[in-house]
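None of the figures in this text is laboratory data; all of them are computed from the coordinates on show. Keep in mind the model is a prediction, meaning the values are calculated, not measured. Neighbour counts run over all protein chains shown; Cβ positions are idealised from the backbone, glycine included.
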């Protein structure tokens, strides 16, 4: 649910944190002279479009021999070493849908090269019958995967699209191909963790199953071994690990061992057309799927919007945000790559770099921590005791307005600002971070119970936001409605001690009528 990279721009209403070393490249982090000089030379002249892609390719090529930090992985299976006689290594791609800047694929290739074996990549495609299975999400994902398949082919890596849940189709695929090890990426959410458990149970005992956190800069289990209370409690832990983990990433190279059995060709248009998904929620025009589209958006952020981020990121009328959240959510972009390039190429906007890194790294990775260590995320039971109590105490308070889920979905409220924010999300698949807090808090104020408010906020976010169905969305809604990663405030009706926001407060932050005029005149159908 990121818009300015982290869900719900909580820094807009919290005291500005002391980000310290996060805003700067750690002194003892390995940085090559050629990279710095090239970055500086690019900052002194007007850069031609595509400069970032070219620069990053040069950086990766110089890091071919970089060692893999084994703290990034955890062995899920009992077996740790491959059995002799295997015919390949498999990277089971799930959350991190990209080829380059992918620590899980880097690990899989290193293992395959060490064993003189071909390298395979698979993705398990399933579309459950749900209002959350939309063309907006599946179209974006499949177009990104098509780019992955093309890159894999050029690198002599076999890409396989498997149809069905991982537990049902992946073990049989491994057995049929005589693959000797499975490497996968990491998600803290319950469903992907269940997929992992299903695969573990179905794989033969002699096949290693290895998970690599390719999504976070600091691996989730390294950043903290426990549930953290807030950004304040995890910030120092992440900062201390940055010299070790915020490094360059090596190039995934053309694989030296060719598979005798190649992947089946994929008809991507036919695949998308065959899915039983809700096509009423259409693909937004502003977001080009895939790593190339994500790199282009990152380049435009560094060149155009980064200099505005520090001072105007809380203004929904300003074009000051990165807009990178969909690419990070689907794994088309590496957050580590984003952090590196913003630090290296954002020297013209030095005041914006620390708050951006705070949101990209600390607050985004805090959401993974919450979902990984609190299995009750997405429900009021996952809130702190004080928050649960205050919401229960005020559950029967009279609401100033009461709306149904359908009325909210169709933006049929008395509040023009809320309606405009909802319409932006429905039509564009995104909502400004500051407004997402206001939007969710009004849902709490206007629904009959906090339970209904939370489920409605999650439903609307996950159905319409291109970056929905992600830890940032769960935590963002729970921060607004349940006080997660926040503190108690002065008690009031309905909200209890949950932080309050209102329309008048928004008018002091930005030109509300201007935003309303942009969206509120268009009615949902």
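Sort region 380-519 into rounded, prolate or oblate with this rule: let a ≥ b ≥ c be the square roots of the eigenvalues of the Cα gyration tensor; rounded if a/c is under 1.5, and if a/c is not under 1.5, prolate when a/b is larger than b/c, oblate otherwise. Because a/c hits 1.5 or more and a/b exceeds b/c, region 380-519 counts as prolate. When the helices of the chain are scored as -39500 (n - 2.57) per DSSP H run of n ≥ 4 and the total is divided over every residue, the value at 222 nm lands at -13500 deg cm²/dmol. Axis angle, to the nearest 10 degrees, between helix 166-177 and the longest C-alpha principal axis of the chain: 10 degrees. Secondary structure note: in the chain, about 20% of the DSSP beta bridges are antiparallel. Sorting 301, 495, 510 by the number of Cβ atoms found within 10 Å of their own Cβ, with the fewest placed first, yields 510, 495, 301. Cα centroids of region 418-489 and region 384-406: 15 Å apart.
Listed from fewest to most Cβ neighbours within 10 Å, the set 279, 499 follows the order 279, 499.
Helix 416-428 axis versus longest C-alpha principal axis of the chain: approximately 20°, rounded to the nearest ten. With a Förster radius of 35 Å applied to the beta-carbon distance between residue 62 and residue 351, the computed FRET efficiency rounds to 0.70.
Taking a ≥ b ≥ c as the square roots of the eigenvalues of the Cα gyration tensor, region 305-373 is prolate, since a/c reaches 1.5 or more and a/b is larger than b/c. Normalised by residue number, the volume inside the convex hull of the Cα atoms of region 187-243 is 106 Å³ per residue. Residues of region 449-469 with an amide N closer than 15 Å to a point placed 7 Å from the Cα of residue 392 along the Cα-to-Cβ direction: 450-451. This ranking places 365, 428 by how few other beta-carbon atoms lie within 10 Å of each, fewest first, which gives 428, 365. Only one item in (1) 26.8; (2) 38.5; (3) 23.3 matches mean projected area of the Cα convex hull in nm² derived from the coordinates shown, and that item is (3).
Measure nothing fancy, just the Cα-based angle from helix 335-345's long axis to the longest principal axis of the chain, in degrees from 0 to 90, nearest 10. With both axes taken from Cα atoms, the answer is about 80 degrees.
Cα gyration tensor of region 250-328, axes a ≥ b ≥ c as square roots of the eigenvalues: rounded (a/c below 1.5), prolate (a/b > b/c) or oblate? It is oblate, given that a/c is not under 1.5 and a/b is not larger than b/c.
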